[in-house]
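What follows is a set of notes on a single structure, which appears directly below.
The values are calculated or read from the model by the stated rules, or taken from the named source; none is laboratory data. Keep in mind it's a predicted model, so treat the numbers as computed, not measured. FYI the Cβ positions are ideal-geometry reconstructions off the backbone, even for glycines, and counts take in every protein chain you see. For accessibility, only protein heavy atoms count, side chains too; no ligands or nucleic acids. Shrake-Rupley method; radii C 1.70, N 1.55, O 1.52, S 1.80 Å.
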Amino acid sequence: MSDAAPGRPRDPRIDAEVLATAREMLIEVGWDGMSMRALAARAGVGRSTLTRRWPTKAHLVLHALLGSAPDLEPYTGIDRRGWIEWVVTGSVELFSRPEVRAALPGLLTALRDHDDLRNTLWRTFSGPSTALFAGETDHDSEVDARAILVMAAGSALFAGLIAAEDDTPELRARILELLLPAAEA
């Protein structure tokens, strides 16, 4: 979720170090405790290096947590049923990660306040994966895929943060069971 700036080619080692440092800091100090200035100092880069790559802390954190594009490798060669299973499992795994849990309060606020960031995030990460479910021309299947993605991610987020005492393998299995009939639609 970063934009390439003109000029010298980027050193991918700097990006990797900054993103790893961001994940570490989120776990250690949380969203509120992590500033771009502190992150730059800890990663051993100038603050301008960060702002050239990521215009805001939210952009940087999203990139650190999700990468710049969705990882479609888990979807390779799977059918709709497998797609749903992966979306449910992947959502639980994502929202269980400590750095994601630490970033969520600040990210939710940033996404609420910045339509462009929210829309880019949704398009970038929902579009490619839902296309795998829907095929190229089936609008109804695309809507189904987006709905499944929202339900799977929403249930993982809600269960992990709000209904934590009920966030059990049994509940996760039931959520999957309820979503799987959409594979036959």
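Tabulated values for the structure
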| item | result |
| --- | --- |
| Between 0 and 90°, nearest 10: helix 139-161 axis offset from the chain longest Cα axis | 70 degrees |
| Value of D in µm² per second that Stokes-Einstein yields for the range 37-185, Kirkwood Rh from Cα pairs, at 10 °C (1.306 mPa s) | 94 µm²/s |
| For the range 131-169 and the range 42-115, distance of Cα centres in Å | 16 Å |
| Cα long-axis angle, helix 57-66 against the chain (0 to 90 degrees, to the nearest 10) | 50 degrees |
| Estimated inter-spin distance, Asp140 and Thr124, nm [label 7 Å along Cα→Cβ] | 3.4 nm |
| log10 of Debye I(q)/I(0), alpha-carbon scatterers only, for the range 56-99 at 0.15, 0.21, 0.30, 0.31 Å⁻¹ | -0.47, -0.78, -1.08, -1.10 |
| Accessible surface of the chain, 1.4 Å probe, proportion on carbon and sulfur as whole % | 56 percent |
| Projected area averaged over orientations for the range 4-114, convex hull of C-alpha atoms, nm² | 8.3 nm² |
